[in-house]
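The values are calculated or read from the model by the stated rules, or taken from the named source; none is laboratory data. The shown structure was predicted, so the numbers you read here are calculated from the model rather than taken from an experiment. Neighbour counts are summed over all protein chains in view; Cβ atoms, including those assigned to glycine, are modelled from backbone coordinates with ideal geometry. Accessible surface is based on the protein model in full, side chains and every heavy atom, while ligands, DNA and RNA are left aside. Shrake-Rupley method; radii C 1.70, N 1.55, O 1.52, S 1.80 Å.
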Amino acid sequence: MTGMMAGGRFRGRVAAVTGGAGGIGAAVIERLVAEGARAAVWDLPGAEPEARLATLPADRLARVAVDVTDYASVERAVAATEAALGPIDVLVN
């Protein structure tokens, strides 16, 4: 993405994006990171992130396996996200 970190609307924020490994979710993560956020890529176990996510700064991302239909899985995802990036400010699902 051109001008990475050019914006700053989400600077210092932590976002969790369900379905973040591909499609719209990956595009949302790209934009959030460009706007200064750290982002958790929440997706089903085994989901491979789109290649474009590999171009983002690794220290701004966390990959978290989660099944959002399972409450215990979501609890683990929240804990994993907060351990890696800090408290969640933004949830995109």
Between ARG13 and residues 5 or more places away or on another chain, which pairs have amide H atoms under 5 Å apart, with H built 1.01 Å from N, and which residues are they?
ARG38
Summing -39500 (n - 2.57) over the DSSP H runs of n ≥ 4 in the chain and dividing by its residue number, what mean residue ellipticity at 222 nm do you reach, to the nearest 500 deg cm²/dmol?
-9500 deg cm²/dmol
Between ARG9 and ALA79, what is the spin-label point distance in nm, taking each point 7 Å from the Cα along the Cα→C-beta axis?
3.4 nm
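How do ASP67, ASP89 rank by accessible surface area computed with a 1.4 Å probe, from largest to smallest?
Details: ASP67 55, ASP89 85 Å².
Per-residue accessible area, sorted high to low, gives ASP89, ASP67.
With a probe of 1.4 Å, find how much accessible area the range 1-77 has per residue, and write the answer as a whole number in Å².
Details: 4040 Å² over 77 residues.
For the range 1-77, the solvent-accessible area averages 53 Å² per residue.
Taking 25 Å as R0, compute the FRET efficiency from the Cβ-Cβ separation of ASP89 and ALA65 and round it to 0.05.
On the way: r = 21 Å, r/R0 = 0.85.
In this case the efficiency is close to 0.70.
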Candidate residues VAL92, VAL33: accessible-area rank, largest first, probe 1.4 Å
VAL92, VAL33
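Using only alpha carbon pairs under 8 Å that are at least six residues apart, calculate the relative contact order of the chain and give it in whole percent. All intermediate terms of the calculation are to be shown ahead of the outcome.
On the way: 177 pairs, mean separation 29.6, N = 93.
Averaging sequence separation for qualifying contacts and normalising by length gives 32 percent for the chain.
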List the residues, sorted by chain then number, that are 5 or more residues from ARG63 or on another chain and whose placed amide H is less than 5 Å from its amide H.
VAL41
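Could you look at the chain and say what percent of its accessible area is carbon and sulfur, using a 1.4 Å probe and all protein chains?
Details: 2830 of 5010 Å².
Of all accessible area on the chain, carbon and sulfur atoms account for 56 percent.
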Mind listing which trypsin sites (Lys or Arg not before Pro) in the chain are in a DSSP loop and have 11 or fewer other Cβ atoms within 10 Å?
ARG9, ARG11
